[in-house]
1. Can you give me the three principal axis dimensions of the range 161-260 from its C-alpha atoms, in Å, biggest first?
2. Only helical DSSP H runs with n ≥ 4 go in: add -39500 (n - 2.57) per run for the chain, normalise by residue count and round the 222 nm mean residue ellipticity to 500 deg cm²/dmol.
3. Using heavy-atom solvent-accessible surface (probe 1.4 Å) with all chains present, what is the largest-first order of THR81, THR191?
4. Keeping all protein chains in position, work out how much accessible area THR5 exposes to a 1.4 Å probe, and write it in Å² to the nearest 10.
5. Run the quick spin-label model on ALA224 and SER77: label points 7 Å from Cα toward the beta carbon, then report their separation in nm to one decimal.
6. Given a 10 angstrom Cα cut-off, can you work out which residue in ALA206, ALA288, ALA118 is the most mobile in a GNM of the chain?
7. What trypsin sites (Lys or Arg not before Pro) does the range 27-123 have in DSSP loop regions with at most 11 other beta carbons within 10 Å?
8. About its Cα centre, what dipole magnitude does the chain give when the only charges are +1 on Lys and Arg Cβ and -1 on Asp and Glu Cβ, stated in debye to the nearest 20?
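The values are calculated or read from the model by the stated rules, or taken from the named source; none is laboratory data. Everything numeric in this text was worked out from a predicted model, so none of it was measured. Here the Cβ positions follow ideal geometry from the backbone for every residue, glycine too, while neighbour counts run over all protein chains shown. Only protein heavy atoms, including side chains, enter the accessible area calculation; ligands, DNA and RNA are left aside. Shrake-Rupley method; radii C 1.70, N 1.55, O 1.52, S 1.80 Å.
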Amino acid sequence: MLEATSRERAKTLLTASGRSDVPPFMVMDVMAAAARIEASGGHVIHMEVGQPAAAAPKAAIQAAHAALDNARIDYTSALGTPSLRARIARHYRETYGLGVDTERIVVTTGSSGGFILAFLALFEPGDRVAVTVPGYPPYRHILKALGCEPVLIETSNDNRHALTGEALLAAHRKTPLKGVLVGSPANPTGTMMSREALSTLIAAAASAGIRFISDEIYHGLDYAFPAVTAAELSNDALVINSFSKYFCMTGWRVGWMVVPEPLVRPIERLQQNLSISVPTLSQIAAEAAFDGAAEMEEIKRGYLENRRILIEGLPRAGLTKFLPADGAFYLYADVSDFTADSYEFARQMLEKAHVAATPGLDFDPIQGERFIRFCYARSAQEMHDAVARIAKWLK
Ligand SMILES: Cc1ncc(COP(=O)(O)O)c(C=O)c1O
């Protein structure tokens, strides 16, 4: 009896919190199924994970080697090393012609670390924050885990999946919003917001006192037109970026934010307490990564070619409906002519054609069953092979 009681007590102690009850990434299921096929000798073309196949810039790797040989890897300042922060500020001057005070740059543990700091600094538990669907799932899951309420606003193909000021204000009128987060180029759609769309949205948010967060992780990977940074349009916008995508440094876990001046000190205090500082070796490598721009531009040209292969090839294979692939390295295809269940479609495509892609439900709980996402960050040959395999399978 006594034993049973303590077992009960242990069970209560081990019950996970409600806030930790966030959905898993379905893409992980696809990856596990792909691994099973590979273990039994199959060759899978991986288009499921949003990760560059290329390595970090050579300059970054060399800088990390040199640092390991020559320096102690100590904690850094919570806001990041002064030299990396200054280098990021220079990046804004060189890329966007924009002067940004180095003091407003905060180095983060990937953009993922940036979301946590930004949401904690901007919102109280219970605050409602608008995010677009389809969209990157951790936006809503991190908000939920922090006790905020993500408010899903559907976007449409009519305006390249850009959230409009009217849609934002309409949601705000229903129940007041405290913030809004948008990404351009976007994951999973690959669509981008024009300068006009972004400035109108920022102005609408400002008019209603809604705090604005811009995820710019896919900047640099823009094909349709140059990506515009929200930092250029408003000093009150909080910008999040990362070395993961353009610089091919996913596993290094380093990113940055441009934060409104009054938030610098609160974010510094949060970072001091939550993680002390961002991994030092990664900060050293990230600073050197900017010297690898020529190498990265070559990789970007590869994505552009992959995009061309898919845009031309997928319709021949039978997939005719997809959104404008303006940027990033994604193509979001409507497969509703074939199925009402894109999870099953992705499962079959993996099983029969050995092409792995991500079901849309990961990104869109409302309409995701109609879509799958292809990532085209691998070789051109793999893109040709994927098109051929899908064509054969769908016939
Ligand atoms: C839109 C978007 N934002 C943020 C991230 C997180 O990237 P990281 O934490 O590696 O910077 C990703 C990763 O896929 C993404 O697609």
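1. 41, 27, 23
2. -13500 deg cm²/dmol, from helical runs alone.
3. Working: THR81 25, THR191 5 Å².
The ordering from most to least exposed comes out as THR81, THR191.
4. Answer for THR5: close to 60 Å² accessible.
5. 3.9 nm
6. ALA206
7. ARG72
8. Working: 39 positive and 43 negative charges, 67 e Å.
Dipole of the chain, to the nearest 20 debye: 320 debye.
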